[in-house]
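Please read the structure below before turning to the comments.
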Amino acid sequence: MNKSDCLCRVCSSTISDIFDFGNMPIANNLMPVINDTYTKNEYKYNMKIGVCINCSSLQIVNVPEKELMFNNQYAYFASQSEFMKSHFEKLGNKVMQLMDKEKDYILEIGSNDGIFLKYFADKQYKHLGVDASENVVETAKKNGVNALCSFFDEETSIEINNKYGKAKIIVITNTMHHIENCQEVAKGINNILAEDGTLIIEDPYLLDMYKIGSIEQVYAEHNFIWSLHSYKTLFEKHSIKLFDVEHFDTHGGSMRYYFSKQNLNKTSTMQEYINLELNNKIFDINTFIKFQENCINISKELYNFVVSKSKEGKIIAGYGATAKSATTLNYSNIDKNLISCIYDSTPFKIGKYTPGTHIEIKDAKLFTKDSPDYTILFAWNHKKEIIEKEKNNKSKTIWVEYIPELKLTYEN
Ligand code: TYD
Ligand code: ZN
């Protein structure tokens, strides 16, 4: 375990390197065509992961420029999952209870295609979404959502404050872990959160990632994997205090964090998770070494499976051109020579090619007709929804899961 030259972005301690993936592409940079020029010019960076055992945050050591990841070609549209839509509708109903419809407004940072704020727009609540990627902001606007295309930082927070005033609620789902300069965001939130306001953050949870060996949660974009301890460390520096958490199974295990500027009573759930993190030794480097070994085994197992089935002449496809799978595919050297294609329902992704491994992305509507022998469930976090849908479509395949271990499912 080497000490990195880099300092933790959360607490400024020296971080320890735990994983070097070599050259990796940006996970959501799908290629429009495959030819020599495109392939030669494909952007790659050395993806290294470090862990800070002072505050328990896992982070990418050298993050590519943010404009390379978030731009008008952003490939992730959150509304592709019916389950996620209903997940956010429930959060919307809960948040509306905390708001005075006449006075208050809600700010969402990373509002994507408007999947969450649409409920507020439909019910005429005052709201504002901020997102750095133009194409998803355009989709949000088409959904009737008031959205601004910008990176959220201190300057943006001042502009928003001047125009809209302090926000009663700030929501950041599956976005905070994208942001390299987390101190700047925390400063901006401190500027704009009302004294009696609530900050709600939700993203993949460190202990879940550790438990199921899903190192692929980390890629350029998922620059951090947070825990209660690391979020507390970050926000306490900016006088914002954690007082409650809620755990969900979404995205392979996520935590929702509730913060306030006030000194609210800490809930027993929060205390339970604080203890759980301590019991799981998140401040011990050996925890992360074991995790690394587990992840390497998972990657090897998947590679060996694909190679052996390919030698038998079987057709192996994928389902869900996820950003996560870019880490696994590139790290395990599973590319277009081994995988026939990946099926996905996102219009923006169909007809493009996966970064680094150049596997064609096909319309999920073709899946039933094609019926590949084996289908690797890259969107494993949407397993129930996808397998049920394809069962109803009478699709025939053998599903291959690889997280937390290799498993074949015959659900046809
Ligand atoms: P997701 O796991 O949400 O995220 P990430 O890209 O951050 O790893 O991506 C799920 C992908 O699976 C997305 O490209 C949409 C696709 N998908 C389908 O094609 N069909 C479905 O029924 C669902 C739920 C997702
Ligand atoms: Zn730290």
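The values are calculated or read from the model by the stated rules, or taken from the named source; none is laboratory data. Note that the structure is a prediction, hence the values are computed from the model and not measured. No Cβ is skipped: glycine too gets one built from the backbone with ideal geometry, and neighbour counts run over all protein chains shown.
Numbers at a glance
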quantity: Residues that are closer than 30 Å to SER157 by Cβ and within 24 Å of the chain's Cα centre (by Cα), drawn from the range 194-215; calculated: THR198, LEU199, ILE200, ILE201, GLU202, ASP203, PRO204, TYR205, LEU206, MET209
quantity: Single condition THR368 does not satisfy, out of (1) touching a Lys or Arg at 6+ places or on another chain (Cβ under 9 Å); (2) crowded, with 16+ Cβ neighbours inside 10 Å; (3) β-branched (Val, Ile, Thr); (4) part of a helix (DSSP H, G or I); calculated: (2)
quantity: From ASP36, ASP5, residue being among the acidic types (Asp, Glu), exposed (fewer than 12 other Cβ atoms within 10 Å of the Cβ) and more than 16 Å from ligand 2 (Cβ to nearest atom); calculated: ASP36
quantity: Selection count, the range 326-357, where residues are in contact with a strand residue (DSSP E or B) (Cβ under 8 Å, 6 or more places away or on another chain), away from ligand 1 (no atom under 12 Å from the Cβ) and farther than 17 Å from MET47 by Cβ; calculated: 7
quantity: Selection from the range 39-85 of residues that are within 16 Å of ligand 2 (Cβ to nearest atom) and of a type in the set (S, T, N, Q); calculated: ASN54, SER56, SER57, GLN59
quantity: Pairs where the first residue, in the range 123-151, is without any contact (Cβ under 8 Å) to a residue 24 or more places away in the chain and under 22 Å from GLY165 (Cα atoms) and the second is of a type in the set (S, T, N, Q) and surrounded by fewer than 21 Cβ atoms within 10 Å (Cβ to Cβ), C-beta under 7 Å, 6+ apart; calculated: HIS127/ASN146; GLY129/ASN146; SER150/THR156
quantity: Hits in the range 345-361 (condition: over 16 Å from THR328 (Cβ atoms), at pLDDT 95 or above and touching a helix residue (DSSP H, G or I) at 6+ places or on another chain (Cβ under 8 Å)); calculated: SER345
quantity: Cross-chain or 6+ apart pairs with Cβ under 7 Å, the range 340-353 first and under 16 Å from THR368 (Cα atoms), then surrounded by fewer than 22 Cβ atoms within 10 Å (Cβ to Cβ) and modelled with pLDDT under 95; calculated: SER345/GLN80
quantity: Residue within the range 375-392 that is surrounded by 15 or more Cβ atoms within 10 Å (Cβ to Cβ), more than 11 Å from ligand 1 (Cβ to nearest atom) and under 30 Å from TYR38 (Cβ atoms) present; calculated: yes
quantity: Scope the range 275-315; condition under 24 Å from the mean Cα position of the chain (by Cα) and over 19 Å from ILE215 (Cα atoms); matching residues; calculated: LEU276
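For every residue, the table says whether it meets (1) modelled with pLDDT under 95; (2) farther than 24 Å from ASN297 by Cβ.
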position: PHE367; (1), (2): no, yes
position: TRP380; (1), (2): no, no
position: VAL400; (1), (2): no, no
position: TYR410; (1), (2): yes, yes
